[in-house]
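**Student:** The structure that follows is given in the form of structure tokens.
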Amino acid sequence: MGHNSVNAGAFIAPWHRNLLVITAIFTVLLISMGGILCVTQSIRDCPDWPGCFGKVYPPLETGPVLEYTHRVLAAVSGLLIVGSAITGLVRTPHLRWVTIPPLVSVVLLVVVSYLGAVVVLRGLSPGWAALDVGSALLVVALMVACAVTASVRINNPALPNRLSLRDSISRLVLASTAVVYIVLVSGVLVAGKEPLVGCLGWPIYSPSIYRSASPVVVYTIRLILSVVGVGLIVGVLVQSRNIRDERPDAYRFARWMGVAVLVETLVQVLLVIFGYPVILWVVYTVIAATLWGLLVALFVRSGLDGRLI
């Protein structure tokens, strides 16, 4: 398909766009719920799979209900992803950024589902746990990218089928996304004696957490990468002020990302001050999941804007 040609397969129906947006939201909710299971230590509160204590519904206790809620979200997300993949193949086979991400997500979903069952039945080594977290984050990234692309193309059906990295903010967001991905995935590799360190979230800058981490060298590298990530994100937020007039949609994502960063920073301070209460850990991991989704959305939106300007 040429850059300026538009055929029937290039148009996205509003309901198709809505399906992709809803799917992306559910994937963010899913990894948020996975983080909540981790910080509440509820991952194995249903000792069997796919049922719970041999039944199709959990006992009315906090841990099993949280675990079962995660499974329900996973099932709904899986159906939405499969539906998105089929819809893309049927309706928009020529639009790579709308069709391919759901297809890849289906494969990753199989991996995540299998590893999730293994976690419940016998647990995972840190390496396999990192693969689990990394795959889940990639599913979110792919579906968010798909949803943002569809939202832009619905008003610009002639938009080329690739992202542009020709401007500095797009490249800066890409670097930020790569570093943040490594930081989030590496948590399970350095949990050591403090299992909460392995939950989805930014490293806690605390001497007590540092002493409990293992191996210390790897945790130190993770801390350094996290500082680099913070610097890159701050750079993105500063540069985003220069595009607020000509690229308001990208600026809107950047603004919400800035809010998420501020909240995450505040919650980290409160965690250290109040001795790491579970409720603050819950907020911390949910904001981390949200920040990841916003960062990917900003990258895709800025890359698409590069094709529009």
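The values are calculated or read from the model by the stated rules, or taken from the named source; none is laboratory data. Just so it is clear, the model here is predicted, and its values are computed rather than measured. Glycine gets a Cβ as well: all are built from the backbone with ideal geometry, and neighbour counts include every protein chain shown.
**Student:** Considering only residues that are touching a helix residue (DSSP H, G or I) at 6+ places or on another chain (Cβ under 7 Å) and in a loop (DSSP other than H, G, I, E, B), look in the range 117-155 and name the one that is modelled with the lowest pLDDT.
**Tutor:** Among them, the one singled out is L124.
**Student:** Between Y276, Y251, Y284, which is in contact with a Gly (Cβ under 6 Å, 6 or more places away or on another chain) and either modelled with pLDDT of 95 or more or outside the structural domain of C146 (by TED's automatic domain parsing) (or both)?
**Tutor:** Result: Y284 is the single residue among Y276, Y251, Y284 that is in contact with a Gly (Cβ under 6 Å, 6 or more places away or on another chain) and either modelled with pLDDT of 95 or more or outside the structural domain of C146 (by TED's automatic domain parsing) (or both).
**Student:** If the requirement is being touching a strand residue (DSSP E or B) at 6+ places or on another chain (Cβ under 8 Å), free of Cβ contacts under 8 Å to residues at least 60 places away in the same chain and outside the structural domain of G187 (by TED's automatic domain parsing), which of these qualifies: P59, P126? Walk me through it before giving the result.
**Tutor:** Working: P126 fails: free of Cβ contacts under 8 Å to residues at least 60 places away in the same chain.
Residue meeting the stated conditions: P59.
**Student:** Now a separate question. Exactly one condition in (1) part of a helix (DSSP H, G or I); (2) buried (at least 20 other Cβ atoms within 10 Å of the Cβ) is false for P203; which is it?
**Tutor:** It is condition (1) that P203 fails.
**Student:** Would you call L66 out of contact with any Lys or Arg (no Cβ under 7 Å at 6 or more places or on another chain), part of a helix (DSSP H, G or I) and more than 15 Å from V120 (Cβ to Cβ)? Walk me through it before giving the result.
**Tutor:** Details: out of contact with any Lys or Arg (no Cβ under 7 Å at 6 or more places or on another chain): yes; part of a helix (DSSP H, G or I): yes; more than 15 Å from V120 (Cβ to Cβ): no.
The answer is no for L66.
**Student:** Looking for something surrounded by 16 or more Cβ atoms within 10 Å (Cβ to Cβ) and under 30 Å from T87 (Cβ atoms) - is there at least one such residue anywhere in the range 185-195? It would help to see each step written out before you state the result.
**Tutor:** Of all residues in the range 185-195, those surrounded by 16 or more Cβ atoms within 10 Å (Cβ to Cβ) come to 185-192, 194.
Right, trim to under 30 Å from T87 (Cβ atoms) and you get 185.
Yes, the range 185-195 contains a residue that is surrounded by 16 or more Cβ atoms within 10 Å (Cβ to Cβ) and under 30 Å from T87 (Cβ atoms).
**Student:** Yes or no: P50 in contact with a strand residue (DSSP E or B) (Cβ under 9 Å, 6 or more places away or on another chain) and either surrounded by 14 or more Cβ atoms within 10 Å (Cβ to Cβ) or at pLDDT below 90 (or both)?
**Tutor:** no
**Student:** From the list V90, V112, V106, V65, exactly one residue is closer than 22 Å to I25 by Cβ, free of Cβ contacts under 8 Å to residues at least 40 places away in the same chain and out of contact with any helix residue (DSSP H, G or I) (no Cβ under 6 Å at 6 or more places or on another chain). Which is it?
**Tutor:** V65
**Student:** In the range 243-280, which residue that is among the β-branched types (V, I, T) and in contact (Cβ under 8 Å) with a residue 60 or more places away in the chain is surrounded by the fewest Cβ atoms within 10 Å (Cβ to Cβ)?
**Tutor:** Going through the range 243-280, the residues among the β-branched types (V, I, T) turn out to be 243, 259, 261, 263, 265, 267, 269, 272-273, 278-279.
Now narrow it down to the ones that are in contact (Cβ under 8 Å) with a residue 60 or more places away in the chain: 243, 272, 278.
Values: I243: 18, V272: 16, V278: 12.
Among those residues, the one meeting the criterion is V278.
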